[in-house]
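The block underneath contains the structure these notes are about, expressed in structure tokens.
The values are calculated or read from the model by the stated rules, or taken from the named source; none is laboratory data. All values derive from a computational prediction rather than experimental measurement. Glycine gets a Cβ as well: all are built from the backbone with ideal geometry, and neighbour counts include every protein chain shown. Please note that ligands, DNA and RNA were not included when accessible areas were found on the heavy atoms of the full protein model with its side chains. Shrake-Rupley method; radii C 1.70, N 1.55, O 1.52, S 1.80 Å.
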Amino acid sequence: MTGRVRIKRLLEQGLVGTEVTVAGWARSVRGGKGVAFIALNDGSSLNGIQVVVDAALPRFEEIARLGTGSSLAVTGILTASPAAGQRFELAALSVTIYQNASPDYPLQKKRHSFEYLRTIAHLRPRTNTFGALFRVRSFLAQAVHRFFAQRGFLYVQTPIITANDCEGAGELFRVTTLDPVSPPLVKGKADFSADFFGVPTGLTVSGQLEGELFALAFSDIYTFGPTFRAENSNTPRHAAEFWMIEPEMAFADLAADAALAEEFLRYLCCQLLEECPEELEFFNRQVDTGLIERIRTVAETKFQLMEYGDAIRELQKATVPFVYPVAWGVDLQTEHERYLTEQVVNGPLFVINYPKEIKAFYMRQNDDGRTVAAMDLLVPKVGELIGGSQREERLELLERRMAEMGIATEGLWWYLDSRRWGSCPHAGFGLGFERLIIYLTGMENIRDVIPFPRTPRHAEF
Ligand code: 4AD
Ligand code: MG
């Protein structure tokens, strides 16, 4: 539509007396004597604009009876509003009705639970909470690219279909064109040489291995893309499809890796505080009253760092009961991670140098023979937000570790090649984008921070 202005811009400019056109969806329509009020929202900001329709306008009866959710355009004069809680309103000169929504529109005035709204994921973007949420999500995605662009990192798009299981956890979703009922068989097993790619393939669990190849050519790179894991864990922090940001730096060690992660998270906090105050205040008011304070603290204070061994000692000293027992060698569970970050340091915490048995094959082996140069960044409310490491750049040690772990080298010959010609110390990490949004909005469930969540038994829309 020509000349249409977004409501956010209209409210920012506040040019009282000018004629403007806006378009959007009615959040409510109230018909009064000789006048009707329409709360119109176009998704550009939390606040919509109140449209005042005089009974003298054509089709007034029809306009005054429009259903919630109706789509319309209004041309009118911006005026100072006499009503409390809003600075401006729009005195309509003409109204175009695109569609009058029927009265069974599910988003009527009352407040709905997040659980209910998940069942209408096709409509929830039109609510205040999800409007604010997805504006924050979009803003953060753009801030991620800005951060790396400002630091000269190359943005690389790693493949979604892959033949490698980077994390070695066997959580690959299979990609195949073989007939699921009667695939061609050799010795009783599916014959993948007859499959589309000629080898078993799946959806990527991480772009890291390919990212490393690019880091060994461009020095500093990052990926930001969808990631898939068929882990059957029904928790508020796990999704089968999530987005991950994975930077990788050549000529960098674990300390440089942690420094980048800290600078990155701090940048995102500062940007959000500066650019999305309206959304943050909304979440602070409606969802998590400590939110803004927490983000400010993260933006201002240095992150703590703890050796895995010390973390285990802290957990063993704890007086709270844990479901999972603690001893040197165990992987940290969310309850442990949250205790450390919430009770012990009360802020972001790097835990470094984990036992090699609980970490992936590619992590650099420390001289003690039992730990690897891994780092997890733990944050309050979420637990693990970032997982990263310095990589094993020494070919012999890498091959030995793969053999110990039973990881076949054939499919990874290209990865091993990177350790043959111009190998160098390098490090990187992965940040789960949805967990970041949980952390920065106070929302509790990963299903509520991604447009259309994919979790066990849920992929309808
Ligand atoms: O710790 P992870 O498994 O590390 C990697 O994938 C490395 N290849 C990253 C790297 O070094 N380049 O995953 C990284 C992060 C986690 O810390 C978590 O925030 C997020 O990805 N994550 C998930 N988020 C949502 N749902 C899931 N199922 C997730 N699994 C991991
Ligand atoms: Mg991890």
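Between GLN343 and THR96, what FRET efficiency comes out of the Förster formula 1/(1 + (r/R0)^6) with R0 = 60 Å and r the beta carbon distance, rounded to 0.05?
Numbers: r = 58 Å, r/R0 = 0.96.
FRET efficiency, THR96 to GLN343: 0.55.
Given ASN47, THR18, LEU57, which one lies farthest toward the positive end of the charge dipole of segment 7-99, if we put +1 on the Cβ of every Lys and Arg and -1 on the Cβ of every Asp and Glu?
ASN47
With every protein chain left in place and a probe of 1.4 Å, what is the accessible surface of ASP331, to the nearest 10 Å²?
70
Would you calculate the separation in nanometres between label points at LEU123 and GLU357, each defined as 7 Å from the Cα along the Cα-to-beta-carbon direction?
Taking the simple label geometry, LEU123 and GLU357 are separated by 5.3 nm.
For segment 7-99, with only Lys/Arg (+1) and Asp/Glu (-1) charged at the beta-carbon, what is the dipole magnitude about the Cα centre, in debye rounded to 20?
Details: 8 positive and 7 negative charges, 41 e Å.
About 200 debye.
Which residue, chosen from ILE7, PHE37, TYR267, occupies the Cα position most advanced towards the positive end of the dipole of the chain, where the dipole is computed from +1 (Lys, Arg) and -1 (Asp, Glu) charges on Cβ about the Cα centre?
The listed residue farthest towards the positive side: PHE37.
Computing the accessible area with a 1.4 Å probe over protein heavy atoms, can you report the carbon and sulfur percentage for the chain?
Details: 11620 of 22010 Å².
Its accessible area is 53 percent carbon and sulfur atoms.
Quick one: which of LYS8/LYS110; LYS187/LYS356; LYS33/LYS109; LYS110/LYS302; LYS189/LYS356 span more than 31 angstrom between C-alpha atoms? Intermediate results must be reported in sequence, preceding the final value.
On the way: LYS8/LYS110 24 Å; LYS187/LYS356 36 Å; LYS33/LYS109 22 Å; LYS110/LYS302 43 Å; LYS189/LYS356 33 Å.
Over 31 Å apart, Cα to Cα: LYS187/LYS356; LYS110/LYS302; LYS189/LYS356.
With a cut-off of 12 Å, note down the residues of segment 326-354 whose backbone N falls inside the zone around a label point 7 Å from the Cα of THR301 toward its beta carbon.
341-349
Using a Förster distance of 25 angstrom, determine the FRET efficiency expected from the C-beta separation of ALA327 and GLU231, and round it to 0.05. Spell out each step's value before the answer.
Working: r = 24 Å, r/R0 = 0.96.
Plugging the Cβ-Cβ distance into 1/(1 + (r/R0)^6) gives 0.55.
Counting only heavy atoms of protein chains, what accessible area per residue, in Å², does segment 109-154 have with a probe of 1.4 Å? Provide the component values of the computation, followed by the final result.
Numbers: 2310 Å² over 46 residues.
Per residue, segment 109-154 has 50 Å² of solvent-accessible surface.
May I ask for the distance between the Cα centers of segment 403-461 and segment 173-240, given as a whole number of Å?
Computed from Cα coordinates, the inter-centre distance equals 11 Å.
Once label points are set 7 Å from the Cα along Cα→Cβ at both LEU178 and GLU62, what is their separation, rounded to one decimal in nm?
About 6.0 nm separates the two model spin labels.
Enter the accessible area per residue of segment 7-99 (Å², integer; probe 1.4 Å; all protein chains in place).
On the way: 4490 Å² over 93 residues.
Averaged over the residues of segment 7-99, the accessible area is 48 Å².
Tell me, what is the 1.4 Å probe accessible area of THR68, in Å² to the nearest 10?
30
Could you size up the charge dipole of the chain around its Cα centre, putting +1 on the beta carbon of Lys and Arg and -1 on that of Asp and Glu, and report it in debye to the nearest 20? Walk me through the numbers on the way to the answer.
Numbers: 48 positive and 57 negative charges, 353 e Å.
Using Cβ point charges on Lys, Arg, Asp and Glu, the chain gives about 1700 debye.
On full extension of the chain, what length is gained from ARG370 through LEU46, given 0.36 nm per residue of separation minus the C-alpha to C-alpha distance?
On the way: separation 324, 0.36 × 324 = 116.64 nm, distance 5.24 nm.
Taking 0.36 nm per residue and subtracting the Cα distance, the gain is 111.4 nm.
Explain nothing, just compute: Karplus ³J(HN,Hα) = 6.51 cos²θ - 1.76 cosθ + 1.60, θ = phi - 60°, for every residue of segment 313-318 in order, whole Hz, x for Gly and Pro.
4, 4, 5, 5, 6, 4
Could you check the spin-label model distance between LEU273 and ARG420? Points 7 Å from the Cα along Cα→Cβ, value in nm.
My value for the distance between the label points is 5.1 nm.
Through the Karplus equation 6.51 cos²θ - 1.76 cosθ + 1.60, θ set to phi - 60°, convert the phi angles of segment 123-130 into ³J(HN,Hα) values in whole Hz; use x for Gly and Pro.
10, 4, x, 8, 8, 4, 4, 6
Output wanted: per-residue J couplings in Hz (rounded whole) for segment 15-29, from phi through Karplus 6.51 cos²θ - 1.76 cosθ + 1.60, θ = phi - 60°, x for Gly and Pro.
Result, ordered by residue: 7, 4, x, 8, 8, 9, 10, 10, 9, x, 10, 6, 7, 7, 10 Hz.
When the chain is fully extended, how far beyond the present Cα-Cα distance does VAL320 get from PHE139, taking 0.36 nm per residue of separation? Spell out each step's value before the answer.
Values: separation 181, 0.36 × 181 = 65.16 nm, distance 3.87 nm.
Value of the extension gain: 61.3 nm.
Based on Cβ point charges of +1 for Lys and Arg and -1 for Asp and Glu, what charge dipole magnitude is obtained for segment 164-259 about its Cα centre, in debye rounded to the nearest 20?
Values: 5 positive and 15 negative charges, 92 e Å.
Here the size comes out at about 440 debye.
How much length, in nm to one decimal, is gained on full extension between ARG285 and ALA403, taken as 0.36 nm per residue of separation minus their Cα-Cα distance?
Values: separation 118, 0.36 × 118 = 42.48 nm, distance 5.36 nm.
Going from the current span to full extension adds 37.1 nm.
Positive end of the dipole of segment 1-158, charges at C-beta (+1 Lys, Arg; -1 Asp, Glu), about the Cα centre: which of ALA121, ALA149, VAL136 has its Cα farthest in that direction?
Of the listed residues, the answer is ALA149.
With a 1.4 Å probe and all protein chains left in place, how much accessible area per residue does segment 211-345 have, in Å²?
Counting only protein heavy atoms, the per-residue value for segment 211-345 is 47 Å².
For a quick check of understanding: with a 1.4 angstrom probe and all protein chains in place, what accessible area in square angstrom does LYS110 have, to the nearest ten?
Result for LYS110: roughly 140 Å² accessible.
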